[in-house]
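No value in this document is a laboratory result; all are computed from the given coordinates. Model, not experiment: these values are computed from the prediction. For neighbour counting, all protein chains shown are included, and Cβ atoms are generated from backbone atoms with ideal geometry for every residue, glycine included.
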Amino acid sequence: MSGREASFTPDDPAMHAAAAAALDLIQDGARVGLGSGRTSSVFVHLLGERVRAGLRVTAVPASGAIETLARAEGIPLVPLTADDGLDITVDGADEVAPNLDLIKGHGGALVRERIIASASARQVIMVGAEKLVRELGARFAVPVEVIPFALGPATRAIRDAGLIPNARMNAECTHELVNENGNLTLDCALPAPLAGARAARELEASLLAIAGVVDTGLFLGTAERVLVGHAEGRVSTLVRGKVPA
């Protein structure tokens, strides 16, 4: 296993608390989408323990690293099919806005995470409290996945839109990082955070209209709830459309 999934810290109280809360939502017989990232790795470990204790589930992983981990944990894996959807997807996020819009993709699997989320009846997101922001783009650039052939013109079009695109590089910074889909990622810094849901949707539409862009890390309106882990081990739950208590 490599990448961010390999560096998870299972003893992090906030991370563990959010993953444990997500595990409580998994029912016997469920078909589960597994996201990528460190918190998803913790969730997969906890789910593996529950499976070995008798919980019956099948799962679809979003990345090769999570697939390797899930197999090691004894979690049965299945492909996505035309006939069977997923009951729930459990994933992480880089930023969460008050309306539960998200920035995802800094772990490198945004397209597969999108596909899994779209095939699922509900998407549950696990984050630490530091991932909550007032406006998307406050802390992270927006990842944009691009077909290699389109790198030049797509970069130019993104610059013309007012963003600052930087190609994601490999660990040695010798060349652009090629992801599991054979594509490249442009991390696009915003001139200012996105002022609300409308601005996020306008940006998403403009980016998707660029030839060669496969997808973006703007996950808008996908999360049913967000489980927020805190350092003391407490979890708060944010539900779409509900005002936090």
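Using C-alpha pairs under 8 Å with a sequence gap of at least 6, the mean separation divided by the residue count of the chain gives a relative contact order of 23 percent.
Where both bridge residues fall in region 12-128, DSSP classifies roughly 10% of the beta bridges as antiparallel. If you rank Phe219, Phe140 by fewest surrounding Cβ atoms within 10 Å, what's the result? If I rank by nearby Cβ atoms, fewest first, I get Phe140, Phe219.
Given a Förster distance of 30 angstrom, what is the FRET efficiency for Leu80 paired with Leu25, based on the Cβ-Cβ distance and rounded to 0.05? Taking R0 as 30 Å, the efficiency between Leu80 and Leu25 is 0.90. Across region 142-215, Cα-Cα pairs more than 17 Å apart make up 41 percent of the total. Mind giving me the FRET efficiency for His230 and Ala189? R0 is 25 Å, r the Cβ-Cβ distance, nearest 0.05 is fine. So the FRET efficiency works out to roughly 0.30.
By DSSP, what percent of the beta bridges with both residues in the chain are antiparallel, rounded to the nearest 5?
Of those bridges, close to 50 percent are antiparallel.
Length gained on full extension, Ala197 to Ala119: 25.8 nm, using 0.36 nm per residue less the C-alpha separation. Sites listed here are GluC sites (Glu not before Pro) in region 160-245 whose DSSP assignment is loop and whose Cβ has at most 12 other Cβ atoms within 10 Å: Glu172, Glu232. Once R0 is set to 22 Å, what does the formula 1/(1 + (r/R0)^6) return for the Cβ-Cβ distance between Asn99 and Thr237, expressed as a FRET efficiency to the nearest 0.05? Between Asn99 and Thr237 the formula returns 0.90.
Return the loop-located trypsin sites (Lys or Arg not before Pro) in region 49-146 (DSSP other than H, G, I, E, B) with at most 11 other Cβ atoms within 10 Å of their own Cβ; answer none if there are none.
Arg56, Arg134
Multiplying the residue separation of Asn181 and Arg156 by 0.36 nm and removing their Cα-Cα distance gives an extension gain of 6.8 nm. Dividing the summed helix terms, -39500 (n - 2.57) for each DSSP H run of n ≥ 4, by the number of residues in the chain produces a 222 nm estimate of -8000 deg cm²/dmol to the nearest 500.
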